[in-house]
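Coordinate-derived values only; no laboratory data. What you see is a predicted model; the values in this text were computed from it and never measured. Counting neighbours? That spans all protein chains shown, and the Cβs are built from the backbone with ideal geometry, glycine included.
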Amino acid sequence: MEEILLQKPGKKIILLGNDAIVRGALESGVQFVTTYPGTPASEVGNTFFRIAKQAGVYFEFSVNEKVALEAAAGASFSGLKTMVAMKNFGLNVASDFLLPLCYSGIKGEMVILVADDPSCWSSAQSEENTRGFAHLAHIPILEPSDPQECKDFTKLAFGLSKKFKLPIIIRETTRVALQAAPVRLEEIVKGTVRGKFVKNPHQFSTMPPRVLEMKNELLEKIAKIKQFSEKSPINQIDRGPSSIQLGIVTSGVSYLYVKEALKELNINLPILKLGFFHPLPEQKIKRFIGGLKKVLIVEELEPYLEKEVERLAKTANPKLQIFGKNVVPVTGELKPEHVISAVSKLSGKKSKFNFFLNLKKFENLKPEKRFPQLCSGCPYWLTFSTIKRAAPKGTIFGGEIGCYMLAAYPPHEMQDYLFCMGSSSSIAHGIMKAVPPSGGQKVIAFVGDSSFFHAGIPALINTIYNKSNPLIIVMDNRTTAMTGQQPHPGAPVEGEEIKIENVARSLGVRHVKTLDPVNVKELEATVKEFLSKKEVSMIVVRRPCLRI
Amino acid sequence: MPEENFNIIIIGVGGQGLITLTKILAEAALSEGLDVKTSELHGLSQRGGSVETMIRFGPRVYSPLVKQGGADLVIALEMHEALRACYYASPDSKTIFLANDSIKPIPSEKPLTKNSIIKDLGRFSLKTILVPATEICQKEMNKEVLAGIYLIGFAAFKNLIPLKSSSVLRAIKKTIPEKHLELNVKAFNLAQN
């Protein structure tokens, strides 16, 4: 049996933050789990995929995050305890549904795990900060620091969701999601996987004018959760000596760097560690900053907490000197040394270690960068080199996220634009409409097999409906490769697969060909032929990923 | 119980099995009753690029990240990558480099030589130990990927890690799937010689 399923209360096992979330959900009696894979959230889905049967939980890889959230909502409306997991960009996709879902509220509990990736270790697109959704959607957000808190906060989130009938977000960052540490186990609770939908359009139908009442109900719930947040022990104060007039407000993984920094500098300062990002315990923050001369806000990415503290200080302590993004970076993840340097600046305490000199010495080394690349023997090597040879000079190559984004690096350098899933074909459509029809500019839009199902189909339909002629090349390696080889509708674990070429043909795409990239000559000839077509064309280049 | 935490960086290239090595050392530390934290990266960064993981253990560990210049031991599976780990190394912290004597070339106008890398590592450490782990594993077991297990075996037997070699071996048995276990144990024990 997998260690994560052990029924040994009190035993400590090492879990990744993401697996601790899974364990927390199991200990809360979760019954229905959905996800679309995305690093650094992928392990939540991967682990449920492995253990769901044994654990008696319904689990699915949905086709995208919006569908995942909607499916979980259906189960929640039918009374089941649900969890949905995704990375930050996934929440953008799901947000169209998230906002009204907060209005209606839920029936069975719902916890949404969202993982941000400061420093973009595994993310193209942007260094997105999910905290922005707190105010946009009026949704409570909890921020754990380590795996034990991942489990504890998940259980707390299920409790809050039950009490207030709202979905609750657990927001991780990479260094929490992929941080492993001992976690103390408690009892796993098993539920059933069948519920009952009881009609209640008053709650579930977001029609005006009822929708405005719903908004007020939502704001009332948030006000009540704020009172809960004021008393919650997850907004904890580590007291320092009362003579010290410098304090620190922090949350998430940054708290751990603060603790390291104080140890390094051999100094004791009061710390307010916030487990709730939204709603914030405003009275607690006011009391904390009330007696201070200076406060340092230690948070990654944008200064959301800093702005809140600035606002609260106007009444609580107008003379308070507030430090934050003027001493810690706004771009890229925090490291312990950033926090050591900031605390040192404000407290006057010096570290024994000269970080500055050591860094200068390191920077002089200038180690050569090693770019990520396609695995040795990956079928994409052949596909990209063939297409590059076949395409006339000046051909525009459109990309998306997935293993095929690696073509952006040398030796291929074939990603003239690269954005979110689904976008390569729609941007290609816009380019073909914008450039003169006889000017000779051509676009090849790359889309992955999993990405095609995620968001590529509406984009393809648009090229047909609004009549343009990019060449769409589906890089079909029969798996969701980049995130760890998850199945998708074109390559299911069992049952009938949905063939991408059949989808295209059924939509009326006239030029569709499926090719194995080892047929180099035929692929080369087809690329040349299809680029001269007056209508949209598609080549499905199919050969399985080496890792499946 | 030691007074200070012990900080390890494992660095290499995607596909060299760093995450498994990290897990093994964490399990070994937990079995000795220590607090432990690790940090790793998945997804894009695992695809043939530079990869680093961190393991910290001792009386009480807060940060999953080792601070700049704070590594006690750097286990490098490739020599260029060892150079990259100098960020975490310093003579003040008495950093030891345990480096696989193996180079995966990076396309460059001025390729680095082994000697120049060793010289640079020397400026950031107390000592550098070069071990031909890939060569040994290729010769003895026809499996390069065991080089990492060989190196943690080397570190455990030569007391470069304050963990008992028996704890590390037990952790290997717990972490590695049955079908690969025999070869991994062999690679680990080879380092005893």
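Structural remarks
- Sparse packing (at most 14 other Cβ atoms within 10 Å of the Cβ) combined with a DSSP loop state is found for the following trypsin sites (Lys or Arg not before Pro) in the stretch A:350-397: A:LYS350, A:LYS352, A:LYS369, A:LYS393.
- DSSP-assigned coil residues among chymotrypsin sites (Phe, Trp or Tyr not before Pro) in the stretch A:181-254, each with at most 12 further Cβ atoms within 10 Å: A:PHE197
- Rounded to whole Hz, the Karplus (6.51, -1.76, 1.60) HN-Hα couplings of the stretch A:85-91, x for glycine and proline: 10, 6, 8, 3, 5, x, 5
- Oblate is the label for the stretch A:83-183. Its Cα gyration tensor axes, ordered a ≥ b ≥ c, give a/c of at least 1.5 and b/c at or above a/b.
- Calculated FRET value between B:SER166 and A:GLU413, using beta carbons and R₀ = 51 Å, to 0.05: 0.50
- Principal-axis analysis of the Cα atoms of chain A puts helix A:42-55 at an angle of about 90° to the longest axis.
- Residue order for B:LYS174, A:LYS199, A:LYS294, fewest other beta carbons within 10 angstrom first, comes to A:LYS199, B:LYS174, A:LYS294.
- Shape of the stretch A:378-450, Cα gyration tensor, a/c cut at 1.5: oblate
- Too-long pairs where the Cα-Cα distance tops 26 Å, listed order kept, from A:LYS155/B:LYS37; B:LYS94/B:LYS139; A:LYS151/B:LYS174: B:LYS94/B:LYS139
- When you work out D = kT/(6 pi eta Rh) for the protein assembly as shown at 20 °C and 1.002 mPa s, using the Kirkwood radius from C-alpha pairs as Rh and the Stokes-Einstein form, the result is 78 µm²/s.
- When only alpha carbons are used to place a centre, the stretch A:444-485 and the stretch A:301-324 end up 46 Å from one another.
- Interchain or long-range residues, amide H under 5 Å from A:ILE396's placed H: A:LYS442, A:VAL443, A:ILE444
- Positive-end extreme of charge dipole, the stretch A:236-365 - chosen from A:ILE271, A:VAL253, A:SER242 (charges on Cβ): A:SER242
- Percentage, to the nearest whole number, of Cα pairs in the stretch B:106-159 over 15 Å apart: 62
- Residue separation of A:ARG287 and A:ILE464 scaled by 0.36 nm, minus their Cα-Cα distance, works out to 57.6 nm of gained length.
- Sites A:ASP96 and A:HIS135 - FRET efficiency at Förster radius 22 Å, r taken between beta-carbons, to 0.05: 0.80
- Greater than 26 Å apart at Cα, pairs in A:LYS12/A:LYS273; A:LYS467/A:LYS521; A:LYS221/A:LYS286: A:LYS467/A:LYS521
- In this structure, B:ASP92 and B:LYS179 have a Cβ-Cβ separation that, at R0 = 45 Å, corresponds to a calculated FRET efficiency of about 0.50.
- Beta bridges assigned by DSSP with both partners in chain A are antiparallel in approximately 20 percent of cases.
- Extension gain, A:LYS294 to A:LYS319, is 8.1 nm, computed as 0.36 nm per intervening residue step minus the present C-alpha separation.
- Degrees, to the nearest 10: A:520-531 long Cα axis against longest axis of chain A: 90
- Estimated vicinal HN-Hα couplings, Hz - the stretch A:3-17 in sequence order (Karplus 6.51, -1.76, 1.60; Gly, Pro = x): 4, 5, 9, 4, 9, 10, x, x, 6, 9, 10, 7, 10, 5, x
- For chain A, the longest principal axis of the alpha carbon atoms and the long axis of helix A:304-316 meet at an angle near 30°.
- Taking amide hydrogens as placed 1.01 Å from N in the peptide plane, the amide H of A:GLU333 sits under 5 Å from those of A:SER119, each at least 5 positions away in sequence or on another chain.
- Close amide H contacts of B:GLY48 (hydrogens built in the peptide plane, cut-off under 5 Å, sequence separation of 5 or more or a different chain): A:GLN373, B:GLY14, B:GLY15.
- Under Karplus coefficients 6.51, -1.76 and 1.60, residue-wise ³J(HN,Hα) of the stretch A:108-121 in Hz, glycine/proline x: x, 4, 9, 10, 10, 8, 10, 10, 8, 9, x, 6, 6, 4
- Applying the Kirkwood pairwise sum to the alpha-carbon positions of the stretch A:379-542 produces a hydrodynamic radius of 15.5 angstrom.
- Cut-off 11 Å between beta-carbons: net charge of the residues surrounding A:LYS534, Lys and Arg +1, Asp and Glu -1: +2
- Averaged over the residues of B:84-90, the number of partner chain Cβ atoms lying within 10 Å of the residue Cβ comes to 5.
- Counting 0.36 nm for each residue step from A:LYS307 to A:VAL435 and taking away their Cα separation leaves a gain of 41.6 nm.
- Size check on chain B: the Cα extents along the three principal axes, sorted descending, read 48, 39, 35 Å.
- 10 Å Cβ neighbours from other chains, averaged over peptide B:47-55: 5
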